[in-house]
Amino acid sequence: MERVSIIGLGLIGGSLGLALKRARGKSLEVVGYSRSPRTMATAYQRGAVDRAAHDLASAVHACQIVILATPVMAMKEALEGVAAGLAPGSVVTDTASTKGQVMAWAEACLPPTVSFIGGHPMAGKETSGIGAADADLFHGCTYCLTPGRGATPEATGLVLKLVEAIGARPLLIDAAKHDELVAGISHLPLLLSYALVEATALSPAWPEMAPLAATGYRDLSRLASGHPDMARDICLSNRDNILRWLDRFLEELNGYRGLVASGQGDALERAFRKVRQAREQWLKMKQAHSKP
């Protein structure tokens, strides 16, 4: 029987357990570990894990694949914690939102007999924790994979099959390129969502504004409901890329401010039409890629 270990049983780790059990059934044993006994009990009750381990050594014992689903800034400690218990030839992967720092930690912490494949599923919810775990979370999503320098082709193939088994689309990508791109399409929107809520919900006018806030505000502010620890770790581990995208966004926002201030209706409409067209093209591309 194949055995997989999941370290960290929050939204992503719990969802991976549920998805893998649904895909592989009794042919796969999922061993889970969390610092929280309550979280481990819930993961077991929900069927995300077959067995809960009470320490990292037993969690990774005789496991072919070890999945680290902890927050980004906890990855180094997790890598150090599992290193001694890993079987030669085993594969370690992660689910962190940034890759450069994690890849460096993995190379420094893991023994050369182990392959590391960096991973990042481009999926999530504004809710967190094992209670929000969902076996369908990864269905149709892009799942980024970054093989470490010492990773074997067999190890990469094993993780590719795992990603496909949960219904995701694997994408092999360099760590630096990954961090540059996701800073624009994932980390920047996260900060914009926080800034929007701070500018509005924390303003003196909010008691009067709140009853008027509808679906548009809800959609734009959704990411601010995410776990603050996750947002903090993203900013700390991908700082330079995020700063570059923030600067780019501020330039664009200042340009719109100038158009609004000058009352240039024609220029505003042209800008809006151009951006609308760009978004429509993106939506068509997403729709095309989602077809089997």
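Just so it is clear, none of the values below were taken in a lab; they were calculated from the coordinates. Treat the numbers as computed from the prediction; the structure is a model and nothing was measured. Heads up, the Cβs are rebuilt from the backbone with ideal geometry, glycines too, and the neighbour counts pull from every protein chain shown.
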#### Entry: Extension reserve of the Gln64-Trp206 stretch, reckoned as 0.36 nm per residue once the Cα distance is removed
45.9 nm
### Query
How far, in nm, would the chain grow between Ala278 and Ser262 when pulled straight, counting 0.36 nm per residue and subtracting the alpha carbon separation?
3.3 nm
### Query
Most mobile of Gly157, Gly14, Gly216 per a Gaussian network model of the chain (Cα springs, under 10 Å)?
Gly216
### Query
Considering the dipole of the stretch 2-173 built from charges on the beta carbon (Lys and Arg +1, Asp and Glu -1) around the Cα centre, which of Thr113, Gly131, Met75 is farthest to its positive end?
Gly131
### Query
Here are some pairs, Lys76/Lys286; Lys21/Lys76; Lys26/Lys125; Lys21/Lys161; Lys161/Lys284; which of them have Cα atoms lying more than 23 Å apart in this structure?
Lys76/Lys286; Lys21/Lys76; Lys26/Lys125; Lys161/Lys284
### Query
What's the angle, to the nearest 10 degrees (0 to 90), between helix 265-290's Cα axis and the longest principal axis of the chain?
20
### Message
As an exercise, use a Förster radius of 45 Å and the Cβ-Cβ distance of Asp134 and Arg270 to find the FRET efficiency, rounded to the nearest 0.05.
### Response
0.60
### Task
Convert each backbone phi in the stretch 26-32 into a coupling constant with the Karplus relation 6.51 cos²θ - 1.76 cosθ + 1.60 (shift: θ = phi - 60°), then list the ³J(HN,Hα) values in order as whole Hz, x for Gly and Pro.
6, 6, 10, 9, 9, 9, x
### Message
Placing unit charges on C-beta atoms (Lys and Arg positive, Asp and Glu negative, everything else neutral), compute the dipole magnitude of the chain about its Cα centre in debye, rounded to 20.
### Response
720
### Charge sum, other residues only, whose C-beta stays under 15 Å from Lys26's C-beta, Lys/Arg counted +1 and Asp/Glu -1
+2
### Message
What does the extension gain come out to for Ala176 and Leu250, with contour length at 0.36 nm per residue minus their alpha carbon separation?
### Response
24.3 nm
### Query
Which value in Å is the Kirkwood Rh of the stretch 118-255 over different Cα pairs?
17.3
### Task
Working from Cα positions, state the angle (0 to 90°, nearest 10) between the long axis of helix 228-237 and the longest principal axis of the chain.
90
### Task
Could you tell me the distance between the Cα centroids of the stretch 135-161 and the stretch 200-278, to the nearest Å?
33
### Query
Once every DSSP H run of n ≥ 4 in the chain is given -39500 (n - 2.57) and the sum is divided by its residues, what mean residue ellipticity at 222 nm do you get, rounded to the nearest 500 deg cm²/dmol?
-16000 deg cm²/dmol
#### Entry: Karplus-derived HN-Hα couplings along the stretch 162-169 (A = 6.51, B = -1.76, C = 1.60, θ = phi - 60°), whole Hz, x at Gly and Pro
4, 5, 5, 5, 8, x, 9, 10
### Query
Quick one: putting +1 on the C-beta of Lys and Arg, -1 on the C-beta of Asp and Glu, what dipole do you get for the stretch 178-290 around its Cα centre, in Debye to the nearest 20?
420
### Packing-based order for 251-257, 184-190, 89-95, using average beta carbon neighbours within 10 Å, highest first
89-95, 184-190, 251-257
### Task
Please give, to one decimal in nm, the separation of the simple spin-label points placed at Leu236 and Met122, each 7 Å out from Cα toward the Cβ.
2.7
### Query
Out of the DSSP beta bridges found with both residues in the stretch 76-211, what percent are antiparallel (nearest 5)?
40
### Task
For the stretch 2-173, give the magnitude of the charge dipole about the Cα centre (Cβ charges: +1 Lys/Arg, -1 Asp/Glu; no others), in debye to the nearest 20.
260
### Query
So what's the angle, to the nearest 10 degrees on a 0 to 90 scale, between helix 100-109 and the longest Cα principal axis of the chain?
20
#### Entry: Amide H within-cut-off set for Ile65, under 5 Å, with H built and near neighbours excluded
Arg3, Ser5, Val91
### For the chain, with +1 on Lys and Arg beta carbons and -1 on Asp and Glu, the positive-most of Leu191, Val30, Ser225 along the dipole
Val30
### Summary
The ³J(HN,Hα) series, computed from each phi in the stretch 136-143 with the Karplus coefficients 6.51, -1.76 and 1.60 at θ = phi - 60°, rounded to the nearest Hz and given as x for glycine or proline, is 8, 4, 9, 4, x, 7, 7, 10
